[in-house]
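The values are calculated or read from the model by the stated rules, or taken from the named source; none is laboratory data. Keep in mind the model is a prediction, meaning the values are calculated, not measured. Cβ coordinates were reconstructed from backbone atoms using ideal geometry, including for glycine residues, and neighbour counts include every protein chain displayed.
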Amino acid sequence: MLWSSLIFLWIAFSLRCGVDSKGQKRASFLAVLLLIYGAASTWIYFQGGFEIFISAYIMTIASVAITSGIHLAKSEVRHATLPFILGGLGFYIGGALLLWVPEQVLCGNRVHDRHHSALLDLPVPLHAFFHLTSSAGPICWLTFAAFESLHLENRKPWVRYVSRYEVGFIPVPEVLSNAERAV
């Protein structure tokens, strides 16, 4: 979770940096900082610092959201990508607040914290559904990032919703070039 969100943060920052040598140097410097941050957070987690790990993850997701929001505010095509940002944040925040936090507070996430709760009687833990929502969030965000990257390359992308069997017939966005749109 943390490492993928660190990659997303690097992508979000890179979208703002530009493709010139100065932008590439900034992106490379950020990559090193994020690598150190991720390694330190992971090491602390393995030493028993679950709270530090979750805090690092939350800060990273918040940074992705803020960086993407700044980029979106300056974007010429925000009408096409705003649903993906809002959807991604909605999945993350909704999943965390409605599924993961209640389960952790009411049931405890450690053996010594565990106590009986009605949530423990559910056939599938809420944590499993949290992972579904925290998977949908990155799909939305990656669609935004792909669209913005194609737009910055002047490839004039377009979003079309189609129903695909690969994702259980749920409508998913596709980013198409002008040539693909004409078909």
Practice prompt. With respect to S63, determine if the residue is surrounded by fewer than 18 Cβ atoms within 10 Å (Cβ to Cβ), over 16 Å from E148 (Cα atoms), at pLDDT 90 or above and touching a helix residue (DSSP H, G or I) at 6+ places or on another chain (Cβ under 6 Å).
Written response: yes
Response to the item:
Restricting segment 120-158 to residues that are surrounded by fewer than 18 Cβ atoms within 10 Å (Cβ to Cβ) and part of a loop (DSSP other than H, G, I, E, B), the one modelled with the lowest pLDDT turns out to be L122
Item to complete: Report yes if L35 is in a helix (DSSP H, G or I), in contact (Cβ under 8 Å) with a residue 40 or more places away in the chain and not acidic (D, E), otherwise no.
Response: no
Worksheet entry | Those residues of segment 44-63 which are among the hydrophobic types (A, V, I, L, M, F, W, C) and touching a Gly at 6+ places or on another chain (Cβ under 9 Å), in sequence order | A56, I61
Worksheet item: Looking only at residues in segment 1-41 that are surrounded by 15 or more Cβ atoms within 10 Å (Cβ to Cβ) and among the hydroxyl-bearing types (S, T, Y), which one is nearest to the chain's Cα centre (by Cα)?
Response: S5
